[in-house]
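Worksheet for the structure shown next.
The values are calculated or read from the model by the stated rules, or taken from the named source; none is laboratory data. This is a predicted model, so every value here is computed, not measured. Neighbour counts run over all protein chains shown; Cβ positions are idealised from the backbone, glycine included. In case anyone asks, the SASA skips ligands and DNA or RNA and just uses the protein heavy atoms, side chains included. Shrake-Rupley method; radii C 1.70, N 1.55, O 1.52, S 1.80 Å.
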Amino acid sequence: MFALLGALLALGHNATAAVTRQDTAHTARPSSQAAAAGLPTRLRGVNRSGTEFMCVQNRGIFDGPSDAASVQAIKNWKTNAVRVPLNEDCWLGINGVNPAYSGSAYRNAVANYVSLLRQYGQNVIVELHWSSGVYTGSGSQCSTYASNCQKPMPNRDHTPAFWKSVASTFKNAGGVYFDLFNEPFPNSVMSDYNASWRCWRDGGSACTGFSYTVAGMQELVNAVRSTGATNYIMAGGLSYSNDLSQWLTYAPSDSAGKVAASWHSYNFNYCNTQSCWDSQIAPVAARYPLVVGEIGENDCAHGYIDTLMNWLDARGLSYLAWTWNTWDCRSGPALISNYNGTATAYGQGLKDRLARG
């Protein structure tokens, strides 16, 4: 969610096991209130940022350690899920990224890390965080075509190929979820709000004002399913995944019946009150599985996430906090001050909550 801060050392990857276990999870169907907890396992954990930006900045693949000891430190917080952001160019080995940090080197490092996380009992969400496409409008963090920052929507040039490749890699891996696109914001490009939702789902000609051809969520779901993968698929709504107001109307169809809504919630988002959660988020969770892929606040405290976790826990919903990195606890916001797992003032709120079970 946040712009990434100054350089941190990227340490080598030390995981070697292959991802092989067949996913035997049941198929969830959007139906009743049971859909709120309709995933095979309720997910509560952390985001592990770095793999979306280190490679394109020619600084390695991981930001901080990715060995067994570092994963044990995450597990010690009583987590059962880790969300791993990915970079489109690095995964595909395109747009001039150093081959030491892209293509097969990047894919193998990510696959090994996912396998290590699974060995330590963590479910894993792999998500597309940075992707290709020139965008210089509101919210732009870079002006390059390459995957050097967050873009408002996926692109048709490379994103379907990205997801076909990712899905093929992890389709036989149990406990691996696919989060299609970190934080869509087509409504910052298009003035027609309803049309922005059509763009979100359909891409292509439904999206106006873009300098690249957009791939919509339906196209990406189809790309994943074309590989034979039956993993759960997450799709975040508008306004950086904070707006789910029309998610039910425009939800992509899925032959496997395993699409989940992805929601992000920070204290500075517009949907940051219980009244909004009750009116906008609860109806989605009543019909589809819902995962809050990012929660956080920018005040180095945990008052907001405490209130939010109370609401989510009461409904048995899944959530993961941003982020297990040693950045500033405000602008990160960082959960830890070192990779042994020492909590920041903000991170202490999550640590205490997970310790309760």
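Mind counting the residues in region 166-176 that are open to solvent by less than 10 Å² (accessible area, probe 1.4 Å) and modelled with pLDDT of 95 or more? Residues that pass the stated criteria total 4.
Going by the structure shown, is A229 hydrophobic (A, V, I, L, M, F, W, C), out of contact with any strand residue (DSSP E or B) (no Cβ under 6 Å at 6 or more places or on another chain), open to solvent by less than 30 Å² (accessible area, probe 1.4 Å) and part of a helix (DSSP H, G or I)? Considered against the rule, which asks whether it is hydrophobic (A, V, I, L, M, F, W, C), out of contact with any strand residue (DSSP E or B) (no Cβ under 6 Å at 6 or more places or on another chain), open to solvent by less than 30 Å² (accessible area, probe 1.4 Å) and part of a helix (DSSP H, G or I), A229 comes out as no. You will find that of G332, G357, G349, the residue that is touching a helix residue (DSSP H, G or I) at 6+ places or on another chain (Cβ under 9 Å), of a type outside the set (A, V, I, L, M, F, W, C) and part of a loop (DSSP other than H, G, I, E, B) is G332 and no other.
Considered as a group, the residues in region 197-208 that are free of Cβ contacts under 8 Å to residues at least 40 places away in the same chain and buried (at least 17 other Cβ atoms within 10 Å of the Cβ) include one that is farthest from S165 (Cα to Cα), and that residue is A206. Scanning region 287-296 finds one or more residues that are basic (K, R) and at pLDDT 95 or above.
Restricting region 330-357 to residues that are β-branched (V, I, T) and either within 15 Å of R48 (Cβ to Cβ) or without any contact (Cβ under 8 Å) to a residue 12 or more places away in the chain (or both), the residue that is least open to solvent (accessible area, probe 1.4 Å) is I336.
The residue that is farthest from D202 (Cα to Cα), among those in region 118-165 that are open to solvent by 50 Å² or more (accessible area, probe 1.4 Å) and basic (K, R), is R118.
The set of residues from region 64-84 being open to solvent by 10 Å² or more (accessible area, probe 1.4 Å), closer than 11 Å to Y113 by Cα and outside any helix (DSSP H, G or I) comprises P65, D67. Only residues that are aliphatic (A, V, I, L, M), over 19 Å from F53 (Cβ atoms) and without any contact (Cβ under 8 Å) to a residue 60 or more places away in the chain were counted in region 102-122, giving 1.
Look through G133, G174, G96, G139 and report the one residue that is within 24 Å of V46 (Cβ to Cβ) and part of a loop (DSSP other than H, G, I, E, B). The conditions single out G174.
Here S191 does not fit the description of being without any contact (Cβ under 8 Å) to a residue 40 or more places away in the chain, surrounded by fewer than 20 Cβ atoms within 10 Å (Cβ to Cβ) and either among the hydrophobic types (A, V, I, L, M, F, W, C) or in a helix (DSSP H, G or I) (or both). Taken over region 310-330, the criterion of being touching a strand residue (DSSP E or B) at 6+ places or on another chain (Cβ under 7 Å), under 17 Å from N272 (Cα atoms) and not small (G, A, S) is satisfied by L312, L317, Y319, L320, W322. Annotation: I61 fulfils all but one of (1) open to solvent by less than 40 Å² (accessible area, probe 1.4 Å); (2) at pLDDT 95 or above; (3) closer than 30 Å to N267 by Cβ; the unmet one is (3).
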